[in-house]
Structures are given as structure tokens and as C-alpha cells.
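**Q** Got a structure for you, questions after.
The values are calculated or read from the model by the stated rules, or taken from the named source; none is laboratory data. Since the structure is predicted, the reported quantities are computational estimates derived from the model, not experimental observations. Every residue, glycine as well, gets a Cβ built from its backbone with ideal geometry; the counts of neighbours run over all protein chains shown. Only protein heavy atoms, including side chains, enter the accessible area calculation; ligands, DNA and RNA are left aside. Shrake-Rupley method; radii C 1.70, N 1.55, O 1.52, S 1.80 Å.
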Amino acid sequence: MLHSFTRNYNDLSSESGFQFEFYCDCCGNGYKSTFQRSATYGMNTRTERFGRMASGLGSLFGGIANDIGWAAERGSDAIRSHSGQDSPQWRKEQEEAFDRAQAEVRPEFTKCPACNKWVCSDCFNEDSGLCIECAPREASYVAQAHSRAMQRNIDEAAETATVWQGKIEARTTLCPSCGKPSGSGKFCNNCGAPLGTNRCPNCGAEVALGLKFCGECGSPMQKSGKCPSCGYENAPGMKFCGECGTKL
């Protein structure tokens, strides 16, 4: 006799009984069949218990009773060896149990006539008579298409949006004390010397402390503040003499 079968199942059977899990080909969810106890396992258990009891009586009374107990125990071992998972009886039971399990869960699944997949009720489109992979439900498909269109619009808008404005510079500030890259703080990352800037007396550009010439116009940073009129030594960068007011 031929036994039908499906590929989307898992056999949970053991020596004591039979149980199977069946899965939906679309979502992977499914159902577990009712556990069916093995008749050969029950027979094996009874004969093993009888063999132990007979063996115990034989050891108690000795003689012929001992021989009977030994024979009963050997007989239970023989029956157990022919009633395990490798025995023809157990295999026959398994096939019959599998047929009953399929009949039990079959109402929960429908076979798609287009792709031949077995799917659960959640994955079967009753309106079209196909699974949702072959014929998605209209409301779900419209919602998915709307979501995809929204994502495309957001991506397109993001491509043209200006999210940052500023001047990108690749200059590295060197510490005027140790000559190494100082970082972006107010103090050098290497030696801790204070960092700051001077303004070029010629063009007004900011120049790091310790530099002798302006990086923008090349003018010397330390111009003499000596007044040509009165000889007063003014601080570098002064435009007029602090003593007499003469233009420097």
C-alpha cells in the first residue's frame, strides 16, 4: 500500500510513540499532530516487567523456578530486540501513525494549484484561490506598494536635500611650541601649550601664534612699533603712536 507524504514536516517519533510537525510553505508556522502511543513499546514494557519479575522469583526459589525465570528474561530480551525502532512492526506502526497525523492536520492546510505549495489559512487568498505569494491580497499589496513609494520619495528628497553648510578645510594647525599637530582645542594635545591666533597687521587674516609671516599675504607678523616722530616703542600692530598720535 502506498503512503502519501509531504516534504514540509518534522518527525518527532520515538520508541514510545509517534508525533509529527507540519509546516506552512509560506510563513513557516504550522501544527503538531496528537501523540500516538506505540503498541510495540507497550508490549515491550510488559514483557520486560514480566521477565524481571520471573527472574526475581527464580533467584528466590532456585531450581526449576530459576530456569523458568531465566527463560522468561531471555524471551523478553528477544521480544524487545524485535519491537524496537528498527523492527518491521514499529516501522509499520510509524507509517500508519503518519497517515493518521496527515489526516488530522490536512484541514488546516490548502495546496496552491499554481505553485503546489501547502499553505496555512493565513497564507491562502480565498478570493483568488491561490497562495498569497502567487496572488497577494489586494489590501496588503496596496499597502506594501504605498510603503515602497514612500521610501523612494524619501530617498529622492534626501539625495537633493542640503543637510550641512560650512567650509571644509584640510589644514592642520601646528603647535608654535612643539611643532606637532595640536588638535582643535585651546591647548596643544602634545605639549599643552596655549593655542591662539594673531591678526596679520597687513591683511587682517588670522595667523597661528609663533608664525613669523602671514599665510595669506606673506607679510611679516612682527612689525616694529617704534614711532618715527617721537621714538616711542609701541606694541606690534598699533596703527597710531600711543605717545604722540603719529600714524605708524
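**Q** Over segment 93-169, average the accessible area per residue using a 1.4 Å probe and give it in Å², no decimals.
**A** 74
**Q** Roughly how many percent of the accessible protein surface of segment 100-148 is carbon and sulfur, given a 1.4 Å probe and a whole-percent answer?
**A** Ligands and nucleic acids excluded, carbon and sulfur reach 51 percent.
**Q** Next up: Got a sec? What order do Trp164, Trp90 fall in by accessible area at 1.4 Å, biggest, i.e. largest, first?
**A** Ranked from most to least accessible, the order is Trp164, Trp90.
**Q** Put a dot 7 Å past each Cα toward the Cβ at Glu138 and Ile154; how far apart are the dots in nm?
**A** Taking the two extended label points, one gets 2.8 nm.
**Q** Let me ask another. So, in nm, how far is label Asn116 from label Leu12 when the simple model puts each one 7 Å beyond its Cα toward the Cβ?
**A** Simple spin-label model gives 2.9 nm for this pair.
**Q** Using a 1.4 Å probe on the protein heavy atoms only, what accessible surface does Cys191 show? Give it in Å² to the nearest 10.
**A** Ignoring ligands and nucleic acids, Cys191 comes out at about 60 Å².
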